[in-house]
Amino acid sequence: MPQISPRASSLQASPLRKLVDSAEERKKKGVCVYHLNIGQPDLPTPQSFYDALSAMSENPVAYKRSQGAVEAIDAWREYYKTYSVDLDRSELAITTSGSEALQFITCLVADHNEEVVVFEPFYTNYNAFATIAGVKLHPVTLDIETGFHLPSDAEIEAAINERTKAILVCNPSNPTGTVLRKDEMDRLFALAEKHDLFLIADEVYREFVFDGEVQTFLSYPDPNHRLIVVDSISKRFNLCGARIGAIVSRNVDVMKAVVKFCMSRLSSPTVEQMAMIPVLKQHQEIVPPLIHEWHARRDAVDAALKKIPGVKAHKPEGAFYTICELPVDSAENFSKWMIEEFQHECETVLVAPAPGFYATPGKGEKEIRIAYVLNTKELKRALEILTIALEQYNNRTHATKSISGSAGTAPESCRADRSESTRCQPVESPDA
Ligand SMILES: Cc1ncc(COP(=O)(O)O)c(C=O)c1O
C-alpha cells in the first residue's frame, strides 16, 4: 500500500479534537456543554455583508485576480487609512483566510530546516503551518506571572541563531489575551533589525484592545521592509466562515512571492471578498459596539476567575482569550474528566488544556485556555460550574477516582431538564 509522506504523518491534528468529540457524546446524553474552547465569536455578522450578498448579480461567479479584486483591495486600503497607514495597491494581497496568509508567509520567509522564533503559548496552528513548510518553530517561553509579556532581549536573542529567518508574534494574542506595550513592539522591531530578520505580525485581533490604544506594527517606519502583517475578517467582523484574510508588506520581493503563491490557488472566493467591501468601509461603526461587548465579557471572566480558590489568572488585555493556571495535577486530565464524567445540574464546561499551545514539552501542564465567546450571563454560569468541578475533582478519593453524586453518567432527567440556553443545543463544533 502506498504510504503518505512523513510531512503528512507528522502534521498535528487540532489538540482540541478529542475533547470536542467527547462533548458531542455528552450532548447526546442531554448534558448542556458551555463551550469555552473555541475561538468562534457568537456575535452577529454585520448586516451590510448580507445586504451585499443579496444585491449580487454577477453571473457567472468568476475568478478574480489572484492578488484580490481591485475594488476589494481598495476597500482594505481604506480600512488601513483609518489607522494612518497608506498602502499602495501592490502592498496588499487578499488571501483565503488568515490561515492561508500564515501558510504562505511561513513558506515564504524560511526554507527546510530554517527557523522562526515564536512566543509560547502560541496559536496552535502555527505548528501545522511550520510542518507544511518544513520550518522549525523555536519557542521563547512567556510567563503567566508577567502577564505573558515579553522577556528580556537576552532571552529572546538566546532563541536566535544562524538558521533563524523571522520572528512571529501575535498581537493581541491568542491564546493569552496579552497586548504588547509600545516599548515591547519597539524592542521586537529593534531585534529584527539587529539580526536582519523578518518580523511577522499576526494582527487578526487588532481592534480587540480593552485598556489602551489600538496599535499596528504597520505604523512603524520600516526602512528595510522586514515587516509582514497577517490580517483576517474572521474575528473582527464575526465572519469566521467567510474565509477572507490579507497579507500586507512593503517588501517588493515578499509581495511578488505572495502573488505567486496566490496564483497557485487562482483566486480567493469572489463572493466573500466582494461582500466584504461595505463591511470594511463601515468598520468604524461596526467594530466599536462589538469591542464594548468583548470588554464586558473580559471583565466578567476576570472577576469570576479571581474568585476561584487556587486559580492563578492574569487580566487579559485584548483578543477574547485568557490562559489561567488551575490548582490541579494536570489540566489535560481535569479537562477530560470535566467533559467526559462531570456534570452539575446537567451542565458541564469544555475548555482547552494549554499544553497544546506550547512547543516545549511539559510547559503549561496546569494551565487551560478560556475563549470567552459566550454572553456574560452564560460566562458567569460556566465559571460557576468550573469552580464546582475543580472542587469535586480535587476531592475525588483515589479509591473511586469518581465523584459521588453528580459525576459519572448523567441522570436520565438531564434529557428532560435540558436548559433552553443556545449553548446547550447540539452544535457542530469546529476545530478552531
Ligand atoms: C492568532 C490567529 N491567527 C490566525 C487565525 C486564522 O484565522 P482565519 O483563518 O479564520 O482567518 C486565527 C484563528 O483562530 C488566530 O487565532
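On a C-alpha basis, how far is the centre of the range 22-58 from the centre of the range 241-311 in Å? Whole number, if you could?
Each part reduced to its Cα centre gives a spacing of 16 Å.
For Val118, what charge total do you get from the other residues with a beta carbon under 11 Å from its beta carbon, if Lys and Arg give +1 and Asp and Glu give -1?
Here the charged neighbours net out to -2.
In debye, nearest 20: dipole of the range 311-375 around its Cα centre with unit charges on the Cβ of K, R (+) and D, E (-)?
Result for the range 311-375 is approximately 300 debye, rounded to the nearest 20.
Pick out, from Gly30, Trp294, Gly98, the residue whose Cα sits farthest towards the positive end of the charge dipole of the chain, with +1 on the Cβ of Lys and Arg and -1 on the Cβ of Asp and Glu.
Positive-end residue among those listed: Gly30.
Taking only C-alpha pairs under 8 Å that are 6+ residues apart, what is the relative contact order of the chain in percent?
26 percent.
Just how large is the dipole of the chain about the Cα centre, in debye to the nearest 20, putting +1 at every Lys and Arg Cβ and -1 at every Asp and Glu Cβ?
So the magnitude is around 780 debye.
Compare the peptides 1-12, 206-217 by average per-residue count of other Cβ atoms within 10 angstrom and give them in order, highest first.
206-217, 1-12
Using the crude model of +1 on Lys and Arg Cβ and -1 on Asp and Glu Cβ, and no other charge, please compute the dipole size for the range 1-72 relative to its Cα centre, in debye to 20.
460 debye
Rule-based calculations on the coordinates, nothing more; no lab input. Since this is a predicted model, take the numbers as computed values, not measurements. Note: ideal-geometry Cβ built from the backbone for every residue, glycine included; neighbour counts use all protein chains shown.
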